[in-house]
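The values are calculated or read from the model by the stated rules, or taken from the named source; none is laboratory data. This is a predicted model, so every value here is computed, not measured. For neighbour counting, all protein chains shown are included, and Cβ atoms are generated from backbone atoms with ideal geometry for every residue, glycine included.
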Amino acid sequence: MGVPEPAYRLHDESSAAARASGPGLTRYFAKDPTEVRLSVSAVVRSQPGGREILLMQRSDNGHWGLPGGYLEAGESVAHAAAREVREETGWRVQVGRLVGVYSDPARQVIEYADQRRVHAVNLCFEALARESGEVETPGEVTGIGFFAWDALPEPFVPIHRVRIEDCFGGGGAARVR
């Protein structure tokens with residue numbers, strides 16, 4: 001397994017900055033959800049017991065965060081987590097333990113550019129990077145890299161910090177928040 005440099009860019013910085021400052025931003029801590037969806041995310045370690053985790057930079061708001069997304073019909077949560085990591089980062093992973101379930105509506109309502117406000121119930125897994133490949137959704141991502149879990153790049157998706165803290169400091173038990 002070849003671990004990439006700490007971070008690399010997939011697109012021109014100026015176009016990413018323009019998207020991050022435009023009207024179509026994804027906003028966190030929204031209110032009044034219009035729908036509920038099941039989502040997954042993964043804290044992907046570069047090596048067993050490693051301190052470095054795989055992050056991706058979102059094209060819609062410029063924030064760095066964990067790879068993840070919504071479940072598709074007929075899909076298991078473990079398969080969805082592996083698929084989302086592969087699509088957004090190109091990395092094939094081995095999905096491991098459940099880190100936690102995150103459903104607090106005070107933290108988990110996300111407003112998208114199309115005005116949908118989704119209450120995302122998230123299952124976060126720990127995973128291990130196995131093999132790098134090509135990003136399958138390049139329009140969603142402007143950067144990918146491995147970073148020390150306690151030295152995260154900014155700006156960072158605020159609802160992802162607690163998942164990373166639970167992964168590294170939770171004592172191995174899944175958290176429900």
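So here's what we get for this one:
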quantity: Any hit, segment 151-160, residues being in contact with a strand residue (DSSP E or B) (Cβ under 6 Å, 6 or more places away or on another chain) and buried (at least 21 other Cβ atoms within 10 Å of the Cβ); calculated: yes
quantity: Residues located in segment 64-74, provided they are of a type outside the set (A, V, I, L, M) and out of contact with any Phe, Trp or Tyr (no Cβ under 6 Å at 6 or more places or on another chain); calculated: GLY65, PRO67, GLY68, GLY69, TYR70, GLU72, GLY74
quantity: Positions within segment 158-176 being modelled with pLDDT under 95 and closer than 16 Å to GLY68 by Cβ, in sequence order; calculated: PRO158, ILE159
quantity: Count of residues meeting criterion [in a loop (DSSP other than H, G, I, E, B), surrounded by 17 or more Cβ atoms within 10 Å (Cβ to Cβ) and either basic (Lys, Arg) or modelled with pLDDT under 95 (or both)] in segment 34-59; calculated: 1
quantity: Number of the exception - GLU131 against (1) touching a strand residue (DSSP E or B) at 6+ places or on another chain (Cβ under 8 Å); (2) modelled with pLDDT under 95; (3) surrounded by fewer than 21 Cβ atoms within 10 Å (Cβ to Cβ); calculated: (2)
quantity: Residues of segment 96-127 classified as out of contact with any helix residue (DSSP H, G or I) (no Cβ under 8 Å at 6 or more places or on another chain) and surrounded by fewer than 20 Cβ atoms within 10 Å (Cβ to Cβ), total; calculated: 18
